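J.: Take this structure first; my questions come after.
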Amino acid sequence: MGKKVIGIDYGSDSARAVLVDVSDGKILSTCAALYPRWSEGLYCNPAASSFRQHPLDYIEVLRKVLTGVLEGCACKDEVVGIGIDATASTPALTDAEGTPLALKDKFAENPDAMFVLWKDHTGAAEAEDIVKVWGGGSVNYCETCGGDYSAENIWSKVLHIVRTNPEVAGEAHSVIELCDYIPSVLIGKRCRNAYSTIAYKALWAKKWGGLPAEELYRELGGEKFVEIRNSMTGEPCFGTEPVGTLCKEWAEELGLSQDVVVCAGVIDSISGAIGAGCSPGKMALNMGTSACLIAVDPDFKDRMIKGVFGQFPDGVVPGMMCFEMGLSSFGDNFAWLKRILAGTMKSLLKGQVPDDVLASAEDKILPSLADAAAALPFREDAPFATDWFNGRRSPDPDSSLKATVSGLGLATNAAEIYYAIVEATAFGVKAMIDTLVDNGVALEEITAIGGIAVKSPFIVQFLADVLGMDIFVPDLTQACGLGAAINASVASGCWPTMLEAQKAMCVTDGVRYCASSARDFSARYARYRTM
């Protein structure tokens, strides 16, 4: 075809852009950049589960990854579309024009005026109130979240700021999700709400006429909450639909045509599933900072599955019910252990050993633990863990839960603790899959994507053994970016449907991890479920 598209993936720590050939999905170039303020730990309080990101981080990184992915490109005239995915729910309060309040001098250093990252749990009490008020009436508005509502979702976060920071809330007229903000920046005006975020993060559904009833917002957060709600009532836009074209300023800076189509954003987990080729019976498991499991079913009857994180029609493939479940921490669990083990070493040797030597030693900690854990014999009485380092997302969300490691003795070593955390994380994934399968969702294959899927064969094999299912890891390091590019290929008219675009552009080469029955995890898994 000769046409190219760009996919931009906004993750928790960084953003990445990929330049993709629409004819075969080949990634021609990539560029990634860390969020500078976030990298310094600014505006966050992990002890309070408060994680905020400044909109300037997003804007500066957007410029870096787009100029970087196009650097030296001789085919700029062939670029026809740009797609975006982002973490969710990651909202920011805005003025009437959709500008995040942190971009105003008055609130430039105020965390409540910034984007509230998906893993922020400061709205836990508000989430409980939403379930009580919105889920207990004649219409259960929490149905699209399995009958519950999470502190990770938009209305919990907005309501918390409305209740606790009247100065910021007083100047807010609307709210914008990150996956809506980036397309808005590129087209130079606020775009329509993305379907994938509003359809269950914000509880929007056609069957009850859009968002939950206005009076329910008034009951929880007064007129300000109602005002913000009413700013979000427009018809949402699917990821394969254009929201506009590249504005003059960005087109000139990048050397692209103003005719380049910008499509609606999507949640990163949805985009990863698209890039992984998610289809009926073929589940996508994104193994990154957190874990997101996406499945679709064309024959599923419209009934609620208790315990899912999200359940909504047309989420990935039109005409199919989409299910999302996830773990609030996945890679973060192992990063915690590495941080614990490396902390003393770094503080003692700082200034005595070159920084690059310290960094190299720290990078070797988890691979070394994986090798040692792989050699451990299976023991029913081995140290036992739960995986809720950042609460539990699904099944049955509870952000107040904490992780545990028990059964420790004086002979316990670091590899055994690592093994216990890997096991608990695998049990968390199994609990999600069991919930779907027990409720009639057909699951036959697992495709794993994300950093851990690529970097940690030990964890992937362990997961296959616990699940009793083979796991395919495609030869693909940028599944979310590819998914965003696939959306752009449809929005720009290169492919007529999502399924046809996936067939042409998704990766089929990779590694298959075959499940082994050498270890019987049934007793330890039963203990985990009891916990």
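The values are calculated or read from the model by the stated rules, or taken from the named source; none is laboratory data. Computed from a predicted model, the values in this text were never measured in an experiment. As a convention, Cβ positions derive from the backbone with ideal geometry for all residues, glycine included, and neighbour counts pool all protein chains shown.
J.: Looking at this structure, is Ala420 closer than 25 Å to Lys119 by Cα, assigned to a helix (DSSP H, G or I) and not polar (S, T, N, Q)? Write out each step before concluding.
T.: Details: closer than 25 Å to Lys119 by Cα: yes; assigned to a helix (DSSP H, G or I): yes; not polar (S, T, N, Q): yes.
It is true that Ala420 is closer than 25 Å to Lys119 by Cα, assigned to a helix (DSSP H, G or I) and not polar (S, T, N, Q).
J.: To continue, here is another question. If Leu401 satisfies every condition in (1) free of Cβ contacts under 8 Å to residues at least 40 places away in the same chain; (2) of a type outside the set (Lys, Arg); (3) surrounded by 24 or more Cβ atoms within 10 Å (Cβ to Cβ) but one, which is the exception?
T.: So the condition that Leu401 fails would be (3).
J.: Taking Gly234 as the residue in question, decide whether it is surrounded by fewer than 21 Cβ atoms within 10 Å (Cβ to Cβ), at pLDDT below 95, assigned by TED's automatic domain parsing to the domain that holds Leu211 and not hydrophobic (A, V, I, L, M, F, W, C). I'd like the intermediate steps shown before the answer.
T.: On the way: surrounded by fewer than 21 Cβ atoms within 10 Å (Cβ to Cβ): yes; at pLDDT below 95: yes; assigned by TED's automatic domain parsing to the domain that holds Leu211: yes; not hydrophobic (A, V, I, L, M, F, W, C): yes.
So Gly234 fits the description; yes.
J.: Here is a follow-up. Looking only at region 303-328, which residues are part of a loop (DSSP other than H, G, I, E, B) and among the acidic types (Asp, Glu)? Explain how you work it out, then say what you get.
T.: So in region 303-328, the residues part of a loop (DSSP other than H, G, I, E, B) come out as 303-309, 314-320, 328.
Within region 303-328, just Asp314 meets the criteria.
J.: Let me ask another. If Ala102 passes every condition in (1) surrounded by fewer than 16 Cβ atoms within 10 Å (Cβ to Cβ); (2) among the small types (Gly, Ala, Ser); (3) in contact (Cβ under 8 Å) with a residue 12 or more places away in the chain; (4) not in a loop (DSSP other than H, G, I, E, B) but one, which one does it miss?
T.: (1)
J.: So, Ser150, is that one touching a residue at least 12 places away in the same chain (Cβ under 8 Å), crowded, with 17+ Cβ neighbours inside 10 Å, in contact with an Asp or Glu (Cβ under 7 Å, 6 or more places away or on another chain) and hydroxyl-bearing (Ser, Thr, Tyr) or not? Show your work before the answer.
T.: Details: touching a residue at least 12 places away in the same chain (Cβ under 8 Å): yes; crowded, with 17+ Cβ neighbours inside 10 Å: yes; in contact with an Asp or Glu (Cβ under 7 Å, 6 or more places away or on another chain): no; hydroxyl-bearing (Ser, Thr, Tyr): yes.
Judged against the criteria, Ser150 is not a match.
J.: With (1) surrounded by fewer than 23 Cβ atoms within 10 Å (Cβ to Cβ); (2) of a type outside the set (A, V, I, L, M); (3) in contact with a Pro (Cβ under 8 Å, 6 or more places away or on another chain) as the list, and Asp470 as the residue in question, which single condition is left unmet?
T.: (3)
J.: Quickly run through region 337-356 and pick out the residues that are of a type in the set (Val, Ile, Thr) and within 30 Å of Asn390 (Cα to Cα). Can you show your working first?
T.: Of region 337-356, the ones of a type in the set (Val, Ile, Thr) are 340, 344, 353.
Within region 337-356, Ile340, Thr344 meet the criteria.
J.: Look at Glu227 and say whether it is out of contact with any Lys or Arg (no Cβ under 8 Å at 6 or more places or on another chain), touching a residue at least 40 places away in the same chain (Cβ under 8 Å) and not assigned by TED's automatic domain parsing to the domain that holds Gly481.
T.: Numbers: out of contact with any Lys or Arg (no Cβ under 8 Å at 6 or more places or on another chain): yes; touching a residue at least 40 places away in the same chain (Cβ under 8 Å): yes; not assigned by TED's automatic domain parsing to the domain that holds Gly481: yes.
Yes: the conditions hold for Glu227.
J.: Here are Ala464, Ala526, Ala484, Ala448: which of them is outside any loop (DSSP other than H, G, I, E, B), at pLDDT 95 or above and touching a Gly at 6+ places or on another chain (Cβ under 9 Å)? Don't jump to the end; show me each part of the working.
T.: Working: Ala464 fails: touching a Gly at 6+ places or on another chain (Cβ under 9 Å); Ala526 fails: touching a Gly at 6+ places or on another chain (Cβ under 9 Å); Ala448 fails: touching a Gly at 6+ places or on another chain (Cβ under 9 Å).
Of Ala464, Ala526, Ala484, Ala448, the one residue that is outside any loop (DSSP other than H, G, I, E, B), at pLDDT 95 or above and touching a Gly at 6+ places or on another chain (Cβ under 9 Å) is Ala484.
J.: In this structure, does Ala17 turn out to be in contact with a Ser or Thr (Cβ under 9 Å, 6 or more places away or on another chain), buried (at least 24 other Cβ atoms within 10 Å of the Cβ), in a loop (DSSP other than H, G, I, E, B) and in contact (Cβ under 8 Å) with a residue 12 or more places away in the chain?
T.: Values: in contact with a Ser or Thr (Cβ under 9 Å, 6 or more places away or on another chain): yes; buried (at least 24 other Cβ atoms within 10 Å of the Cβ): yes; in a loop (DSSP other than H, G, I, E, B): no; in contact (Cβ under 8 Å) with a residue 12 or more places away in the chain: yes.
Answer is no for this residue.
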